[in-house]
Amino acid sequence: MTIRGAARSQSGAVIAVVKAVRVPVSSARIRSAIEAAATVPEVAARLPAPDWDLALRVSGDRELRRLNRRFLGDDHATDVLPFPSGDSAAGAHLGDIVISWPAVERQALEFDHPADAELALLAVHGLLHILGWDHASAAEDAEMNRMTLSALNRAGTELACSRLLKPTALREALSPRRPDGVGAAAGCTRARN
């Protein structure tokens, strides 16, 4: 069965991108962020190799609010909602990610980086949640941010440094490159003027 908007990656994964609203970012660009995240060692270790599939839907605030209320009991729009399938067998559908395009635009403006970078960040963030990561504690938040920056670096995506990093981590990120790929050249730039 072929899913409209789906494409098989070089690794064998099928990533379907559905745009329920007008989004000026190509589906290929969105897929590239997910594919880059799949190459981060910790992420790759949780993926059923080599074939898996994932659906990503870009929608509006109203749909995100409705889904958030229905499934999480929170009556407000949010930027990204992951829906893990719970299936981790080879060939499995990992789950669905829904992202609010209006939230992407607001957050890109707030942090002063391109909307496609914010969309890539939220796609990676959703994938990490699908695979079981959370950010309930400061340590978990730091780990998710590190993996997100590593994935975005691999995808060639640059964010404003203030988007994911706390002041101490920001100073470290702006220092010379570290062995894990997170540093000044790792997807973190000073805000645009």
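The values are calculated or read from the model by the stated rules, or taken from the named source; none is laboratory data. Please read all numbers here as calculations on a predicted model, not as lab measurements. Positions of Cβ are generated from backbone atoms using ideal geometry, with glycine treated the same way; all protein chains shown enter the neighbour counts. Just the protein is used for accessible areas: all its heavy atoms, side chains included, with ligands, DNA and RNA removed. Shrake-Rupley method; radii C 1.70, N 1.55, O 1.52, S 1.80 Å.
Observations on the model:
- Accessible area (Å², 1.4 Å probe, nearest 10) - residue 146: 50
- Rounded to the nearest Hz, the phi-derived 3J(HN,Hα) couplings of the stretch 28-36 under the Karplus curve 6.51 cos²θ - 1.76 cosθ + 1.60 (θ = phi - 60°) are 4, 5, 5, 4, 4, 5, 5, 4, 5, where x marks glycine and proline.
- The stretch 1-132 has equivalent-ellipsoid semi-axes of 23, 17, 14 Å, by the square roots of 5 times the alpha carbon gyration tensor eigenvalues, sorted largest first.
- Residues listed by number, the stretch 36-76, amide nitrogen under 16 Å from residue 106 label point at 7 Å toward C-beta: 59-69, 74-76
- Neighbour net charge for residue 77 - beta-carbon separation under 14 angstrom, K R +1, D E -1: 0
- Here the stretch 54-108 and the stretch 136-163 have alpha carbon centers that stand 19 Å from each other.
- Accessible-area composition of the stretch 1-121, carbon plus sulfur, in percent [1.4 Å probe]: 52
- The stretch 110-160 - Rg over Rh from alpha carbon coordinates, Kirkwood radius: 0.97
- In order through the stretch 112-129: 3J(HN,Hα) via Karplus (6.51 cos²θ - 1.76 cosθ + 1.60), integer Hz, x for Gly, Pro: 6, 9, x, 4, 5, 5, 5, 5, 4, 4, 5, 5, 5, 4, x, 4, 4, 5
- Electrostatic tally near residue 61: other residues with Cβ closer than 10 Å to its Cβ, Lys and Arg +1, Asp and Glu -1, net +2.
- Fully extending the segment from residue 76 to residue 88 would add 1.3 nm, taking 0.36 nm per residue of separation and subtracting the current Cα-Cα distance.
- Cα-based values for the stretch 63-113, radius of gyration first and Dmax second, are 13.7, 40 Å.
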